[in-house]
Amino acid sequence: MATNYETFEYDVLVIGAGGAGLRAAIEASAAGVKVGLVCKSLLGKAHTVMAEGGMAAALANVDDRDNWRVHFSDTMRGGQYVNNWRMAELHAKEAPARVRELEAWGAVFDRTPDGKILQRNFGGHRYPRLAHVGDRTGLELIRTLQDHGIHQGIAVHMEHTMVTLLKDGERVAGAFGYDRERGRFKIFKAKAIVLATGGIGRAYKITSNSWEYTGDGQSLAYHAGAELVDMEFVQFHPTGMIWPPSVMGILVTEAVRGEGGILKNKDGKRFMFDDIPDLYKNQTADNPEEGWRYCQGDKNARRPPELLTRDHVARCIMREVKAGRGSPHGGVFLDIAWIKEKIPNSAEHIKRKLPSMYHQFLQLADLDITKEPMEIGPTTHYVMGGIRVDGDTQMSTVPGLFAAGEVAAGLHGANRLGGNSLSDLVVFGKRAGEFAAKFAKAHSAGHFYESQIEAIARQTLEPFERGAKAGGSAEGPYQVQQDLQEMMQSLVGIVRREEEMGRALDELNKLRKRAGQVAVFGHREYNPGWNTALDLKNLLTVAEAITRSAIERKESRGAHFRDDFPNKDAASGRVNIVVRKGADGTMQARREPIPEMPAELKQIIEEMK
Ligand SMILES: Cc1cc2nc3c(=O)[nH]c(=O)nc-3n(C[C@H](O)[C@H](O)[C@H](O)COP(=O)(O)OP(=O)(O)OC[C@H]3O[C@@H](n4cnc5c(N)ncnc54)[C@H](O)[C@@H]3O)c2cc1C
């Protein structure tokens with residue numbers, strides 16, 4: 001078969017046009033190299049647009065006690081100290097400059113009365129730190145980066161899905177994919193590639209994540225020989241919608257709690273005061289009055305327990321539900337309407353501070369949040385683990401292959417603090433673009449062979465061949481996808497056990513066999529069945545990486561909770577779990593010591609305890 005395809009050549013190819021990809025493309029292009037940008041959806045529609053609450057940066061506009069050292073120590077504490085400390089340091093130091101840069105590029109942030117960028121409270125951040133635009137911060141971030149990038153001559157390929165990375169020996173040399181509109185194959189030759197493809201939420205049944213989150217980047221990198229790290233750390237955000245069923249999983253932003261929203265069980269009890277971890281005791285309010293004062297900006301008050309880290313809040317909610325104290329549809333209540341006891345015109349205040357939440361509940365659940373509490377429960381939200389990268393350059397363990405944003409690992413450790421993702425995107429997106437451009441300038445283009453392309457093209461079209469042979473008797477991809485999501489939700493979800501995860505590995509083997517047999521029908525133009533059939537490989541790869549890593553981490557830490565090892569283990573707290581493809585093609589997981597932290601960073605952590 002002679003495969004038809006179109007070829008493009010770039011110095012740097014950026015895969016993904018969310019915050020991280022756009023920022024990387026801008027930086028690489030500014031360095032004077034030829035940049036291509038590909039994305040699965042339309043430009044401007046990447047998952048980042050969904051981000052609501054804000055981006056964390058120690059600007060100290062609202063509380064002048066804030067600085068990079070506090071932000072660094074909050075991030076490390078939230079990540080339970082298995083973070084890549086170098087990334088946490090760079091992030092805390094560089095985020096303020098990246099936020100101001102966005103402002104200079106036209107981002108219209110909310111303002112303090114004296115005209116500075118306004119910052120709001122969020123879980124795990126000691127001081128109000130989230131620069132925001134109402135509850136639509138991601139939209140503004142994307143709009144600003146897009147406006148800025150569009151003038152830089154970056155070549156954009158929208159609605160293109162990359163299915164395989166091409167290599168020349170050890171190094172990366174390009175990517176193979178297809179355009180979703182026509183189904184035509186495209187080859188992108190590149191001296192360096194930046195993966196910025198986001199997360200994995202679609203490996204679970206209940207998720208806040210968009211359809212794009214099928215773990216493509218993690219899987220592309222893994223199959224190209226890169227290492228993944230700490231994939232067991234999947235964040236279940238405590239507040240997703242749970243009713244009606246059609247909206248299950250959609251996020252209810254943490255900003256609701258930042259603005260004073262409280263969590264109550266079916267008996268009306270504010271249960272979060274019952275369980276405040278030792279690590280956070282001296283930073284947490286011990287009565288509702290103090291918590292409210294904190295939300296109102298009182299610098300002498302400590303934050304309410306609803307603003308403890310996400311992993312903890314999610315587990316407290318599950319405990320209430322399991323104990324029979326949950327809401328009618330299996331969650332608990334989140335109440336912002338109660339603030340009418342505290343401020344006049346509370347309805348107007350809520351609508352102004354949380355406009356998207358007000359409309360989301362009114363339109364999707366027929367509920368007015370200014371009058372009634374919301375019913376919420378945990379939803380799969382974010383993956384802290386991902387492609388292992390060098391903290392300074394963002395290069396993976398494959399030469400020429402870089403990663404930034406949610407697809408990369410390290411910054412957040414065992415648990416991400418809200419708001420630390422958007423700042424992650426711009427800090428490390430910039431770095432990835434800069435170092436990818438440097439790599440491209442220092443290396444000539446790699447080579448790959450026609451036979452490589454032929455083989456990949458044949459595999460990509462196999463689901464159609466099976467459809468043609470088997471007709472209607474063959475299984476389609478959707479049932480396999482659904483069974484995978486249900487299985488991961490129940491066997492490798494919020495609470496994990498060795499025996500269940502062992503079963504999950506057996507189930508994954510069966511699902512892999514079924515995925516290898518799925519058939520699709522029709523032609524290649526806008527064929528969602530074909531797209532889903534190709535997604536299955538990625539979903540199965542990340543599901544296996546999560547499961548193997550979760551089995552290997554025999555303790556509970558951050559977002560990873562083991563019923564059979566419910567406590568933290570000091571020895572496990574000194575290692576990361578690394579996954580890579582073995583020589584025999586099977587997935588191997590190993591424990592690797594975390595490099596020693598420099599004395600000055602250790603001292604910061606000690607001082608801030
Ligand atoms: C509802 C919601 C609210 C959130 N709110 C906040 C918040 O307030 N603050 C915060 O810090 N974080 C928040 N987050 C998290 C944050 O939004 C994400 O972690 C972040 O936007 C990820 O950005 P990214 O650039 O890594 O990837 P994305 O924005 O997801 O972009 C991924 C890109 O990769 C492309 N892509 C994927 N696979 C392929 C492929 N195979 N081929 C080609 N292209 C591909 C996609 O089309 C897309 O363009 C929120 C998340 C959700 C779900």
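Taking the residues in region 454-480 that are polar (S, T, N, Q) and without any contact (Cβ under 8 Å) to a residue 60 or more places away in the chain as candidates, determine which candidate is surrounded by the most Cβ atoms within 10 Å (Cβ to Cβ).
Here the answer is Gln459.
Tally time: how many residues in region 34-43 are open to solvent by less than 20 Å² (accessible area, probe 1.4 Å) and more than 6 Å from the ligand (Cβ to nearest atom)? Please lay out each step first, then the result.
Going residue by residue through region 34-43, those that are open to solvent by less than 20 Å² (accessible area, probe 1.4 Å) are 35-39, 41.
Those left that are additionally more than 6 Å from the ligand (Cβ to nearest atom): 35-37.
Total meeting the criteria: 3.
Where in region 285-404 are there strands (runs of 3 or more DSSP E), lying wholly inside it, with at least 2 residues that are of a type in the set (Asp, Glu)?
Numbers: elements: 332-335, 374-383, 401-403.
The strands (runs of 3 or more DSSP E) meeting that bar number zero.
Name the residues in region 166-201 that are within 15 Å of the ligand (Cβ to nearest atom), closer than 21 Å to Met395 by Cβ and out of contact with any Phe, Trp or Tyr (no Cβ under 8 Å at 6 or more places or on another chain), would you?
Val172, Ala196, Thr197
Which of (1) open to solvent by less than 30 Å² (accessible area, probe 1.4 Å); (2) in contact with an Asp or Glu (Cβ under 8 Å, 6 or more places away or on another chain); (3) among the small types (Gly, Ala, Ser) does Ala545 not meet, given it meets every other one?
Every condition holds for Ala545 apart from (2).
Name the one entry in Tyr358, Tyr382 that is over 29 Å from Thr112 (Cα atoms), hydroxyl-bearing (Ser, Thr, Tyr) and at pLDDT 95 or above.
Within the list Tyr358, Tyr382, the selection yields Tyr382.
Evaluate region 155-169: report whether one residue or more is within 22 Å of the chain's Cα centre (by Cα), in a loop (DSSP other than H, G, I, E, B) and at positive phi.
Pass one, region 155-169, residues within 22 Å of the chain's Cα centre (by Cα): 158-165.
Then drop every residue that is not in a loop (DSSP other than H, G, I, E, B), which leaves 158-159.
From what is left, the residues that are at positive phi are 159.
Scanning region 155-169, I find at least one residue that is within 22 Å of the chain's Cα centre (by Cα), in a loop (DSSP other than H, G, I, E, B) and at positive phi, so the answer is yes.
Any residue in region 208-225 that's at positive phi: show its pairings with residues that are within 10 Å of the ligand (Cβ to nearest atom) at Cβ separation under 7 Å, as long as the two are six or more apart or on different chains.
Every condition considered, the pairs that remain are Gly215/Asn538.
Taking region 178-193 as the region of interest, how many residues are assigned to a loop (DSSP other than H, G, I, E, B) and either over 16 Å from Arg458 (Cβ atoms) or not small (Gly, Ala, Ser) (or both)?
Applying the first criterion (assigned to a loop (DSSP other than H, G, I, E, B)) to region 178-193 yields 180-184.
Going one step further and asking which of them are either over 16 Å from Arg458 (Cβ atoms) or not small (Gly, Ala, Ser) (or both), we end up with 180-182, 184.
Within region 178-193, residues that are assigned to a loop (DSSP other than H, G, I, E, B) and either over 16 Å from Arg458 (Cβ atoms) or not small (Gly, Ala, Ser) (or both) number 4.
Quick check: is even one residue across region 549-558 without any contact (Cβ under 8 Å) to a residue 40 or more places away in the chain, in a loop (DSSP other than H, G, I, E, B) and under 21 Å from the mean Cα position of the chain (by Cα)?
Checked region 549-558: at least one residue is without any contact (Cβ under 8 Å) to a residue 40 or more places away in the chain, in a loop (DSSP other than H, G, I, E, B) and under 21 Å from the mean Cα position of the chain (by Cα).
Test each condition in (1) out of contact with any Pro (no Cβ under 7 Å at 6 or more places or on another chain); (2) buried (at least 24 other Cβ atoms within 10 Å of the Cβ) for Ala57 and report the one that comes out false.
Answer for Ala57: the failing condition is (1).
Counting only residues that are farther than 29 Å from Pro305 by Cα and open to solvent by less than 10 Å² (accessible area, probe 1.4 Å), which one in region 137-148 is farthest from the ligand (Cβ to nearest atom)?
Ranking the candidates gives Thr144 first.
Which of the following residues is within 16 Å of the ligand (Cβ to nearest atom) and farther than 30 Å from Ile339 by Cβ: His381, His412?
His412
Do you know which of the residues in region 84-136 that are of a type in the set (S, T, N, Q) and assigned to a loop (DSSP other than H, G, I, E, B) is most open to solvent (accessible area, probe 1.4 Å)?
Let us first name the residues in region 84-136 that are of a type in the set (S, T, N, Q), namely 84, 112, 119, 121.
From the residues that got through so far, the ones that are assigned to a loop (DSSP other than H, G, I, E, B) too are 84, 112, 121.
Values: Asn84: 47, Thr112: 14, Asn121: 14 Å².
So the residue we want is Asn84.
Test each condition in (1) hydrophobic (A, V, I, L, M, F, W, C); (2) within 22 Å of Met597 (Cβ to Cβ); (3) out of contact with any Ser or Thr (no Cβ under 9 Å at 6 or more places or on another chain) for Ala88 and report the one that comes out false.
The one condition Ala88 does not meet is (3).
Considering only residues of region 559-581 that are of a type in the set (S, T, N, Q) and not in a helix (DSSP H, G or I), which is least open to solvent (accessible area, probe 1.4 Å)?
Of everything passing the filter in region 559-581, Asn576 is least open to solvent (accessible area, probe 1.4 Å).
I'd like the full set of residues that are touching a residue at least 60 places away in the same chain (Cβ under 8 Å) and more than 20 Å from the chain's Cα centre (by Cα), limited to region 62-93.
Residues satisfying the conditions are Val62, Asp63, Arg65, Asp66, Arg69, Val70, Ser73.
Given the conditions (1) touching a strand residue (DSSP E or B) at 6+ places or on another chain (Cβ under 6 Å); (2) surrounded by fewer than 24 Cβ atoms within 10 Å (Cβ to Cβ); (3) closer than 25 Å to Ala533 by Cα, which single one is not true for Lys264?
The number of the failed condition is (3).
Within region 6-18, is there a residue that is in a helix (DSSP H, G or I), touching a residue at least 40 places away in the same chain (Cβ under 8 Å) and within 14 Å of the ligand (Cβ to nearest atom)?
We begin by selecting, within region 6-18, every residue in a helix (DSSP H, G or I); these are none.
Within region 6-18 (the criterion being in a helix (DSSP H, G or I), touching a residue at least 40 places away in the same chain (Cβ under 8 Å) and within 14 Å of the ligand (Cβ to nearest atom)), the answer is no, since none of the residues qualifies.
Report yes if Lys537 is in contact with a strand residue (DSSP E or B) (Cβ under 7 Å, 6 or more places away or on another chain) and open to solvent by 40 Å² or more (accessible area, probe 1.4 Å), otherwise no.
no
Which residues, taken from region 220-252, are near the ligand (Cβ under 10 Å from one of its atoms) and either of a type in the set (A, V, I, L, M, F, W, C) or surrounded by fewer than 24 Cβ atoms within 10 Å (Cβ to Cβ) (or both)?
Within region 220-252, Leu220, Gly240, Gly249, Ile250, Leu251, Val252 meet the criteria.
Would you check which residues across region 263-274 are of a type in the set (A, V, I, L, M, F, W, C) and either farther than 13 Å from Pro238 by Cβ or at pLDDT below 95 (or both) and list them? Explain how you work it out, then say what you get.
Initial filter on region 263-274 (of a type in the set (A, V, I, L, M, F, W, C)): 263, 271-273.
Across region 263-274, the qualifying residue is only Phe273.
Could you tell me which of the residues Val407, Val398, Val426, Val389 is more than 16 Å from Gly79 (Cα to Cα) and within 8 Å of the ligand (Cβ to nearest atom)?
That would be Val407, the only listed residue that is more than 16 Å from Gly79 (Cα to Cα) and within 8 Å of the ligand (Cβ to nearest atom).
All but one of (1) in a helix (DSSP H, G or I); (2) more than 21 Å from the chain's Cα centre (by Cα); (3) surrounded by 18 or more Cβ atoms within 10 Å (Cβ to Cβ) hold for Arg202; state the number of the condition that does not hold.
Answer for Arg202: the failing condition is (2).
For Ala545, state whether it is in contact (Cβ under 8 Å) with a residue 24 or more places away in the chain, of a type in the set (Gly, Ala, Ser) and farther than 30 Å from Gly124 by Cβ.
Details: in contact (Cβ under 8 Å) with a residue 24 or more places away in the chain: yes; of a type in the set (Gly, Ala, Ser): yes; farther than 30 Å from Gly124 by Cβ: no.
Criteria not met by Ala545.
The values are calculated or read from the model by the stated rules, or taken from the named source; none is laboratory data. Since this is a predicted model, take the numbers as computed values, not measurements. Note: ideal-geometry Cβ built from the backbone for every residue, glycine included; neighbour counts use all protein chains shown. SASA here: full protein model, heavy atoms, side chains in, ligands and nucleic acids out. Shrake-Rupley method; radii C 1.70, N 1.55, O 1.52, S 1.80 Å.
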